[in-house]
Amino acid sequence: MSQLYRERPEALFAHQDGRDTASVLEATGTAVVVRMLTRHTDLLAAMVGVAAGAREHLVVTGSRSREKAYLEAIETTVAQQPDLVHYRVLYGPPRHRGLSDHLVRLLELRDPGERRNGVKTLHVGMVEQPEAMERYFVASETAAVVPLPSFHGADGFDCGVLLGREAAVGLVQHGREACASARPVETMGAVRALPLRHGATPERGEA
């Protein structure tokens, strides 16, 4: 399993005993926080950096993405890294047309039904339970960004935190489990059938 997923045993199986992941993060403490991101430009650059730097796993959650540079960075990485395993977890239908178009482009780049070296490399799922709290983050095997409510006012998510490897590994596992329990949205027909949630409050920096 470690060779297949290219992860350490403690990262893969910690959820079974509830000890190892907690102890690693507890021992690391605030060292997992690489940088606080207090401006929208910094947040966007960090998110683009995580997406562009992914080589093994790239997990993205949320239904509000619309930043063109960020979505293009995800698509470029998926196109250039054929062994990368990409998970996209939606929480309800997309809030913006840009995200719907992005999902179409992902399916044009890869067929979720295909396996590369025996591994499925594209997973797209939607959490449909209305009571499920929406998560926003982007995580690779080495880094992650979690957007936060703005420090500057009530409108938008233009701040966040850049996290290091130990936290990123945990968020990758979080996203994989969330995607596994979500409804697959992995055909052109399924993506195009998703309603667009009009009337959503405009926000910046969402994953």
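Ignoring ligands, DNA and RNA, please state the percent of accessible area on segment 115-155 from carbon and sulfur, probe 1.4 Å. Heavy-atom surface of segment 115-155 belonging to carbon and sulfur, 1.4 Å probe: 53 percent. Computed over neighbours whose Cβ is under 13 Å from that of Ala79, the net charge equals -2, Lys and Arg +1, Asp and Glu -1.
Surface exposure of segment 51-161, expressed per residue as accessible area with a 1.4 Å probe, stands at 41 Å².
Taking Cβ atoms as reference points and 15 Å as the exclusive limit, the residues near Glu114 contribute a net charge of 0, counting Lys and Arg as +1 and Asp and Glu as -1. Averaging the sequence gap over all C-alpha pairs within less than 8 Å and six or more residues apart, then dividing by the number of residues, gives segment 107-173 a relative contact order of 24 percent.
The values are calculated or read from the model by the stated rules, or taken from the named source; none is laboratory data. Small disclaimer: the values here were computed from a predicted structure and weren't measured. Neighbour counts are summed over all protein chains in view; Cβ atoms, including those assigned to glycine, are modelled from backbone coordinates with ideal geometry. Ligands, DNA and RNA are stripped out before the accessible areas are found, and what is left, the full protein with its side chains, is counted by its heavy atoms. Shrake-Rupley method; radii C 1.70, N 1.55, O 1.52, S 1.80 Å.
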